[in-house]
Each structure stands twice: as structure tokens, then as C-alpha cells.
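Notes to accompany the following structure.
What follows draws every value from the coordinates through simple rules; no lab data is involved. Keep in mind that this is a model prediction, so the values were computed, not measured. Cβ atoms come from the backbone with ideal geometry, glycine included; neighbour counts cover every protein chain shown.
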Amino acid sequence: MDKTKRAETHELLKPQEWVNMYADYLYAYAITRIQNQEQARDLVQETFLSALEGMHRFEGKSSERTWLTAILKNKIIDVYRKRSSGLQMIDVNRAEDEQGDFFSETTGHWNNEHAPQPFGIDHSDPLMSKEFNRILQQCMQKLPALWLSVFSMKHMDDELTDTICAELKISASNFWVIIHRAKVNLRACLQKNWI
């Protein structure tokens, strides 16, 4: 990119307005993935600082908000990596044996006693939806750090499995065991606390 084009691109950035324009959005993005208010605030501040330091790399191919969100997303992945480093890897064989408790070996479908029950959520009632989201967040906080990281990256950030495995340094087998266990635990927690 030539100097004239780069100068025009930098004029698009308005760092003096970032806090007013994007802080609430970035905080909401971070808190749903990190589950820690103080850490979410710190990540938003670190995002602004990194963006200021990296303004020369902004090419104008996305909006300011998208660019800041991408920086925050990378910082969240770094948190996931730190949380998952040093954690014991799951014994895949043992996990496959445990699946027999939940699924029929012949059909692969849920066993009747473990089959998911309807939640009875009425999407038309915003208060019920808000309450459900609060309980879901509480259930997610109970997950082990690695499980929460994998679940959040897969189902909140729509990351590809290969990307998650590479970022968190886990095998594909471990990924599938973790995602399965996270879902089973979340379902059990939701059934206990919501239904």
C-alpha cells in the first residue's frame, strides 16, 4: 500500500472516539466468552492499546468496529490458550466408554434415560429468554476452563474445528470428546436449573 493510500486509511480511524463508540460492544463480546468482568474490561483496554500501537497496519478493508473486534478476538484466544495450557489431556478411550452411558451402541441415538428433555422455552417472552441466558451463563462458568474455551470458540465464535485444535493445541479426538462432555454437562445443568 502506498503512502497516500495508507494516510487516507488512517484518517478513517478515530481513536479518540473508540471508548464512546465501541467499549460497550467490545465488553459485551468479551464477557460472553470470558465469564469474568474484570478480565473482560482488561481485554477491552488491551484491545484499544493494541489498536493504537497497530494503527499503521489498518488497511481499511473492514470497518473500525470489525477491526477492533478481530483484535479482541485474538486476545480472547490467547486467554483460552493460557487457560488450557498445562491441563491434563482427556483419555479418549475412557471417554468413548463413557459415551455408552448416554448413547445406544447399536443406533448411536440417546438412551431413553439420558435423552434431552424439552426446555419449554417461550421465545416470545423476553423475560424468560433473559432468565434462560443468565442460567446458561452460570452453567457455562461451571465448565472446566478448556471445555469452556472449546465450547465458546465452536458455538459462539463459529470457529472451524481445525482452527480450534491448532489454537488450543489439542487433537481432533480430544476436541470431540471435550465438546461432547461440555454439551452433556451444559444440558444437565440447564435441566436442573431451568426446567
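Using 0.36 nm times the number of residues separating residue 162 and residue 65, minus their current alpha carbon distance, what extension gain do you get?
32.3 nm
At q = 0.16, 0.18, 0.23 Å⁻¹, what log₁₀ I(q)/I(0) does a Debye calculation on the Cα points of region 3-84 give, no solvent, two decimals?
-0.59, -0.72, -1.06
List 177, 150 from most exposed to least, where exposure is judged by having the fewest other Cβ atoms within 10 Å.
With the sparsest Cβ surroundings first, the list reads 177, 150.
Rounded to whole Hz and in sequence order, give me ³J(HN,Hα) for region 61-77 from the Karplus expression 6.51 cos²θ - 1.76 cosθ + 1.60, θ = phi - 60°, writing x for Gly and Pro.
Ordered by residue, 3J(HN,Hα) equals 7, 9, 6, 4, 4, 4, 5, 5, 5, 5, 5, 4, 4, 5, 5, 5, 4 Hz.
Between residue 191 and residue 155, 0.36 nm times their residue separation minus their Cα-Cα distance comes to what?
11.0 nm
I'd like the FRET efficiency for residue 112 and residue 37, computed as 1/(1 + (r/R0)^6) with the beta carbon distance as r and R0 of 35 Å, rounded to 0.05.
0.30
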